[in-house]
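Okay, structure first, notes after.
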Amino acid sequence: LFAPQIIRVQSPEGVKRITATKRETVATFLKKVAKEFGFRNNGFSVYTNRNRTGEITASQNKSLNLLKIKHGDMLFLYPSSPAGSSSETTHTAASQSVKPAGAPQVVEDEIDQYLIKQDGKIYRNRDQQQCCHGPLGKCVHCVPLEPFDEDYLNHLEPPVKHMSFHAYIRKLTGGADKGKFVALENISCKIKSGCEGHPPWPEGICTKCQPSAITLNRQKYRHVDNIMFENHTIADRFLDFWRKTGNQHLGYLYGRYTEHKDIPLGIRAEVAAIYEPPQIGTQNSLEILEDPKAEVVDEIAAKLGLRKVGWIFTDLVSEDTRKGTVRYSRNKDTYYLSAEECITAGNFQNQQPNICRLSPDGHFGSKFVTVVATGGPDNQVHFEGYQVSNQCMALVRDECLLPCRDAPELGYAKESSSEQYVPDVFYKDIDKFGNEITQLARPLPVEYLIIDITTTFPKDPVYTFSISQNPFPIENRDVLGETQDFHSLATYLSQNASSVFLDTISDFHLLLFLVTNEVMPLRDSISLLLEAVRTKNEELAQTWKKSEQWATIEQLCSTVGVQISGLQEYGAMGGSTHAASAAIWACQHCTYMNQPGTDHCEMCSLPRT
């Protein structure tokens, strides 16, 4: 019992051997561990298993013998984080310590901060046939795999062609140097400024200021690994525009980024709503118009806990109206994204950069996704998700990529001119003899620029916003006769009078109307309601319902001739209608908005009815 024994303790810094005896108490042993590793008290946790189970605490007044810790055993030490939870593993600690010199202080997205702290390794069970060791041992058949293991990703069902971005970071920050010299630099296609050894372009250029030639490669990682619509209603309401007009349509996806557990360290874009900006659509074209409400929409979405995560557009052609089938036009024999769509996607991604601490610029790539609603192999509507590569983003940002007029599947790298220097762009191809050759990207197959992303719907639908049988009209659909005004608001409220107020008001398009309408905008007084919708707090919603602003809204609704149940007797305030009658009122003859307390219209002088 008093014979010395060696206990191995593995930590993110390496393995150390601690000498102890079987009768030694846990508290004494942990003090030795703290002294050996240079920790203060309670600055670490020790476990019997690698997956952080079987914690050994100083409160256990037992000997090592009673805990069945014997000579040669391996224990696992994890330093404690400031928040009190176990800190990062070796990969995480290394990746957090890596920061390029001169990199700006940035705050990454919440999902990125969460994934940095995760182990990320792929744990495997003991193989009964191939593993010949005990239950505490590990061998090549059951040792945990790294999140970037390509063989593991290729054998998933379906196979994963692109590792997640955080797995890619782990790959860069692994190895003996722990990624000491890692820096994710953004590609630049522009001449570096400040070179004084020669006249400016086109009179002169040198190797110091000349951008390097670009050889296009298929990107091995992707910033988003899955796109999920919360429920089918979101997509169905968007598709209704095409069903009613036959014209193509476009919208912005608002949602949040969460963990995608099907892929190691993966990220999922969850779509909660689609905002449809002003646009002109035909059967084969789309034109996005300037949106004066864009800033307000982003602001309201942020208060609802959402952000712009992507864009969606339709490319649908009806094949048989009786069967409800659509044409299958995007496939390997044609194209998946046209060059023009790639350029548009690249422009959007440049507007929504991905904040990254490992980049000297403070950003690298983008999480902004592209979704195409198009016909599938079964001639039904399918949703296909994509991103364009970081190389494509650079070519688009520096205006080096053009579409081909007669071949949508081909792009064209611009040639240098007196106004702009364009570096040479190449791609690798296989000739008819099976040899790999390098081609100048004039023209360029856009498949080198595309990253595909799986797009799914959950088995159990999720509802950030409530679903109504008679929903509030979607913005910018005037061509369908669906307008957002107080008549449509009054109709919506009257049709949903029996519903709980929070459910009635939890409509993304309705909230946008309340904020952006020209008659009674509530941008400065709707924060409490948005917080109620975000947290699904009925009490907060009822508090806002008693406000003077909502009383005014109901009074405006009553002037359009639609009776809302309970409005005249109790209004929204649960009391008399005095507050409602003391609000702004619209003349039914000339629609002029009159001040409270007046009996005649200030514009046409007719009496109030």
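The values are calculated or read from the model by the stated rules, or taken from the named source; none is laboratory data. Keep in mind it's a predicted model, so treat the numbers as computed, not measured. Glycine gets a Cβ as well: all are built from the backbone with ideal geometry, and neighbour counts include every protein chain shown. What goes into the accessible areas is simple: the full protein's heavy atoms, side chains included, and nothing from ligands, DNA or RNA. Shrake-Rupley method; radii C 1.70, N 1.55, O 1.52, S 1.80 Å.
Looking only at segment 43-77, which residues are hydroxyl-bearing (Ser, Thr, Tyr) and either in a loop (DSSP other than H, G, I, E, B) or within 16 Å of Lys22 (Cβ to Cβ) (or both)?
Thr48, Thr53, Thr57, Ser59, Ser63
Within segment 201-230, restricting attention to residues that are surrounded by 19 or more Cβ atoms within 10 Å (Cβ to Cβ) and of a type in the set (S, T, N, Q), which residue is nearest to the chain's Cα centre (by Cα)?
Within segment 201-230, the match that is nearest to the chain's Cα centre (by Cα) is Asn226.
Which ones in segment 280-300 are of a type outside the set (D, E, K, R) and either free of Cβ contacts under 8 Å to residues at least 60 places away in the same chain or open to solvent by 40 Å² or more (accessible area, probe 1.4 Å) (or both)?
Filtering segment 280-300 down to residues of a type outside the set (D, E, K, R) leaves 280-286, 288-289, 292, 294, 296-297, 300.
Result: Ile280, Gly281, Thr282, Gln283, Asn284, Ser285, Leu286, Ile288, Leu289, Pro292, Ala294.
Using beta carbons and a limit of 9 Å, which pairs, at least six apart or on different chains, have the first residue in segment 137-148 and more than 25 Å from His166 (Cβ to Cβ) and not assigned by the TED database to the domain that holds Met74 and the second one among the hydrophobic types (A, V, I, L, M, F, W, C) and surrounded by 12 or more Cβ atoms within 10 Å (Cβ to Cβ)?
Gly137/Cys131; Cys139/Cys131; His141/Cys131
Output the residues belonging to segment 381-440 that are assigned to a loop (DSSP other than H, G, I, E, B) and of a type in the set (Ser, Thr, Tyr).
Of everything in segment 381-440, those that are assigned to a loop (DSSP other than H, G, I, E, B) and of a type in the set (Ser, Thr, Tyr) turn out to be Ser389, Ser416, Ser417, Ser418, Tyr421.
Report, by residue number, each residue of segment 342-353 that is of a type in the set (S, T, N, Q) and surrounded by 22 or more Cβ atoms within 10 Å (Cβ to Cβ).
In the first step, residues of segment 342-353 are kept if they are of a type in the set (S, T, N, Q); the result is 344, 347, 349-352.
Scanning segment 342-353 gives a single hit, Gln349.
Among the residues in segment 448-458, are any farther than 30 Å from Ala301 by Cβ and surrounded by 12 or more Cβ atoms within 10 Å (Cβ to Cβ)? So that I can check it myself, show each step before the final result.
Applying the first criterion (farther than 30 Å from Ala301 by Cβ) to segment 448-458 yields 448.
This time we only want the ones that are surrounded by 12 or more Cβ atoms within 10 Å (Cβ to Cβ), so: 448.
Checked against the condition, which is being farther than 30 Å from Ala301 by Cβ and surrounded by 12 or more Cβ atoms within 10 Å (Cβ to Cβ), segment 448-458 yields at least one hit.
Kindly establish whether Ser366 is among the small types (Gly, Ala, Ser), in contact with a His (Cβ under 9 Å, 6 or more places away or on another chain) and touching a residue at least 40 places away in the same chain (Cβ under 8 Å).
yes
Of the conditions (1) modelled with pLDDT of 85 or more; (2) part of a loop (DSSP other than H, G, I, E, B); (3) basic (Lys, Arg), Lys31 fails just one. Which one is it?
Among (1) modelled with pLDDT of 85 or more; (2) part of a loop (DSSP other than H, G, I, E, B); (3) basic (Lys, Arg), Lys31 violates only (2).
State all residues of segment 485-496 that are open to solvent by 50 Å² or more (accessible area, probe 1.4 Å) and either over 24 Å from Leu289 (Cβ atoms) or touching a Pro at 6+ places or on another chain (Cβ under 8 Å) (or both); if no residue qualifies, say none.
His487, Gln495
For segment 149-160, what are the residues that are touching a residue at least 24 places away in the same chain (Cβ under 8 Å) and in contact with a Leu (Cβ under 8 Å, 6 or more places away or on another chain)?
Tyr152, Val160
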